[in-house]
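**Student:** Would you mind keeping the following structure in view while I ask a few things?
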Amino acid sequence: MAAGRDILIVDDNEVVTGVLVDLFRREGYDSAGVATGEECLEELGRTPWKLVMLDVRLPGISGIDVLRAIGDDHPRTDVIIMTSHVSLETAVQAIRLGAQDYLFKPFDDLEMVVATVNRALERRRLMEQREQLIRILADLAIENTRILAELRSANSDLEEKVAQRTAEITKANLQQKAIIVELKGAKEAAEAANRAKSQFLANMSHEIRTPMNGVLGMAELLLHTELDQKQRGYVEMLHQSGESLLGIINDILNISRIEAGKLEIEKIPFDLHEIVRGAVDLYREVGRRKGVALELEIGPDLPRRALGDPNRLRQVLINIVNNALKFTEHGSVTVSACLVEKSGNGHYVGFEVRDTGIGIPAESVGGIFELFTQVDGSATRRYGGTGLGLAIAKQLVELMGGEIGVESEPGRGSTFTFIVYVNAAPDAESDVEDDPIELDNECEETLAAQCHARVLLAEDNPVNCEVAHAMMTALGCQVDVAQNGAQAVSALARKSYDLVFMDCQMPELDGYEATRAIRERERDSGRHTPIIALTAHAMAGSRETCLSAGMDDFLSKPFKLGQLQELIQRWTAA
Ligand code: ADP
């Protein structure tokens, strides 16, 4: 709202001015009076006035000229002309020049004067309000435009951000896809590497076992010849070293089989007592030499016959008994076996191997069943070993449905315990306490049992051929040799044999193909010559491959005289 004073009266008649000023003041207006046009313009130059009541007839500058000057210099000041009835023409001219209204003098009706002034001021107020409204509207329009512009820019910002985000997501998706492809590649590479590792292990196993067969077989044969004491000592040492080396190779193979999930537990009938006794008997000599008593306690309730994996159970027992003796210098090692509980169609059987050896420090007990873990890892270790045995034992025990643990006190000894589940053998009720069955590791006894079988030996490796030939001859067999599969097939066509030992890998025609050819030919005659695979392949699946080629049994190299004898007797028994 325009500031300033309300009503300026311009009249040379002081009475009129005084009356009007009083009148307007009484009405609440801020009012003053001047006598001339010059004074009026001066006053307007000093102070803004809302309304000037201007007499037309003034001394000096005329009211009309003052009106013109106000129109030019003070357009916001309204003017009401005061004129006499006689000069209506002047009033019309004044209206044309911008005066708001006119009043005729003398004023007969002061109320009408006040009403005119009120009207003029009200109109002015309304005008000002309108102007303010317009300004507000204009401001609002500007604000609206600004907000609209902001919205547009925010919108385009948003669109830009959405586009940017979409691009980022697309990029991330592409990266993810690339990573998946990479991971798939890495997985395939890892699988290929694993397959290569398995293949490598199979090949290594074959390559190492082949000469090991020569070493062990020849040493064993040598032990059956006339030797002086010194020579016998050397050969025994040679044989034992070979056995140790073979043990390590077998451990490594076992681990790789377990890791590949290829180690399966058999379910065949066996004599639990015999397995426990056999494992202990193997170490009697070691104990005797060390001066450590080796004791065996078989619980009266331990079932004798069971269905399970005797070889794996023996392996675990041997490992623990071997450790117990290895880490005990004085005192004793006691092996006990008993029935823990009957469950379902079988039994949980428990084993304990207690020694009075060096013991295991508490901080090492937790990791002792981990791969490659040894309590004494120093370079100057006193005891040998690979740190694989207990890790394998743990895996095997778990595969046999049980668990293994140890309690130990350094300096006082250790007690290893494990439980395995075995199924009851179908004829378990007929359990009788037979005499302990001796393991046939006594060479003299083995050789005493003569076989007299006609054997065809197909083997291309001269050393292995020599070993097997010598062992078979020592067992009383008549042996013909074929140097490859083709020779074996034609030898069988010429002559009949009780048994064929067939090496699997041979030049020209390998053992599998030779067996297939032999079986093919036998189809007409109705004859079936037992064929036993001789192979240095010890990886899982080798046995199945041999059987599916038409062979009857499997003997993995290196083998012992006792194993060979057992096989010959089994397959030639009428
Ligand atoms: P290793 O071939 O080294 O004997 P194992 O896995 O059979 O491998 O044993 C791991 C380690 O556990 C051994 O090196 C030895 O430190 C400790 N250990 C095993 N059995 C005994 C025991 N009866 N007494 C003391 N320490 C033992």
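The values are calculated or read from the model by the stated rules, or taken from the named source; none is laboratory data. Remember, it's a predicted structure, so these values are computed and weren't measured experimentally. Using ideal geometry, Cβ is built from the backbone for each residue, glycine included, and neighbour counts are taken over all protein chains shown. These accessible areas exclude ligands, DNA and RNA; they are computed on the full protein's heavy atoms, side chains included. Shrake-Rupley method; radii C 1.70, N 1.55, O 1.52, S 1.80 Å.
**Student:** Of all residues in segment 11-30, which are touching an Asp or Glu at 6+ places or on another chain (Cβ under 6 Å) and crowded, with 20+ Cβ neighbours inside 10 Å?
**Tutor:** Asp11, Thr17
**Student:** So Gly217 ticks every box in (1) more than 23 Å from Val286 (Cα to Cα); (2) touching a residue at least 40 places away in the same chain (Cβ under 8 Å) but one. Which box is left unticked?
**Tutor:** So the condition that Gly217 fails would be (1).
**Student:** Something else: Among Val333, Val321, which is the only one that is near the ligand (Cβ under 10 Å from one of its atoms), assigned to a strand (DSSP E or B) and open to solvent by less than 10 Å² (accessible area, probe 1.4 Å)?
**Tutor:** Of the residues listed, the single one that is near the ligand (Cβ under 10 Å from one of its atoms), assigned to a strand (DSSP E or B) and open to solvent by less than 10 Å² (accessible area, probe 1.4 Å) is Val333.
**Student:** Which is of a type in the set (A, V, I, L, M, F, W, C), touching a residue at least 60 places away in the same chain (Cβ under 8 Å) and either closer than 19 Å to Asp22 by Cα or in contact with an Asp or Glu (Cβ under 8 Å, 6 or more places away or on another chain) (or both), of Leu110, Leu54, Leu103?
**Tutor:** Leu110
**Student:** Same structure, new question: Please work out if Tyr234 is open to solvent by 20 Å² or more (accessible area, probe 1.4 Å), within 16 Å of the ligand (Cβ to nearest atom) and within 25 Å of Leu564 (Cβ to Cβ).
**Tutor:** no
**Student:** Restricting segment 336-356 to residues that are within 16 Å of the ligand (Cβ to nearest atom) and open to solvent by 10 Å² or more (accessible area, probe 1.4 Å), which is farthest from Asn423 (Cα to Cα)?
**Tutor:** It comes out as Thr356.
**Student:** When the residues of segment 279-313 are narrowed to those that are within 19 Å of Arg354 (Cβ to Cβ) and under 46 Å from the mean Cα position of the chain (by Cα), which ends up most open to solvent (accessible area, probe 1.4 Å)?
**Tutor:** Leu282
**Student:** For segment 556-571, enumerate the residues that are closer than 25 Å to Ser490 by Cβ and modelled with pLDDT under 90.
**Tutor:** Across segment 556-571, the qualifying residue is only Lys557.
**Student:** Is there any pair linking a residue in segment 477-505 that is free of Cβ contacts under 8 Å to residues at least 60 places away in the same chain to one that is open to solvent by 50 Å² or more (accessible area, probe 1.4 Å) and assigned to a strand (DSSP E or B), with Cβ under 6 Å and at least six apart or on different chains, and which?
**Tutor:** The qualifying pairs are Gln478/Arg454; Tyr497/Arg454.
**Student:** While we're looking at this one, here's another question. For Ile360, work out the one condition from (1) of a type in the set (A, V, I, L, M); (2) open to solvent by 10 Å² or more (accessible area, probe 1.4 Å); (3) more than 8 Å from the ligand (Cβ to nearest atom) it doesn't fulfil.
**Tutor:** (3)
**Student:** Please go through segment 382-421 and give me each residue that is within 11 Å of the ligand (Cβ to nearest atom), open to solvent by 50 Å² or more (accessible area, probe 1.4 Å) and touching a Gly at 6+ places or on another chain (Cβ under 7 Å), ordered by number.
**Tutor:** Once the filter is applied, which keeps residues that are within 11 Å of the ligand (Cβ to nearest atom), open to solvent by 50 Å² or more (accessible area, probe 1.4 Å) and touching a Gly at 6+ places or on another chain (Cβ under 7 Å), segment 382-421 yields Glu409, Pro410, Gly411, Arg412.
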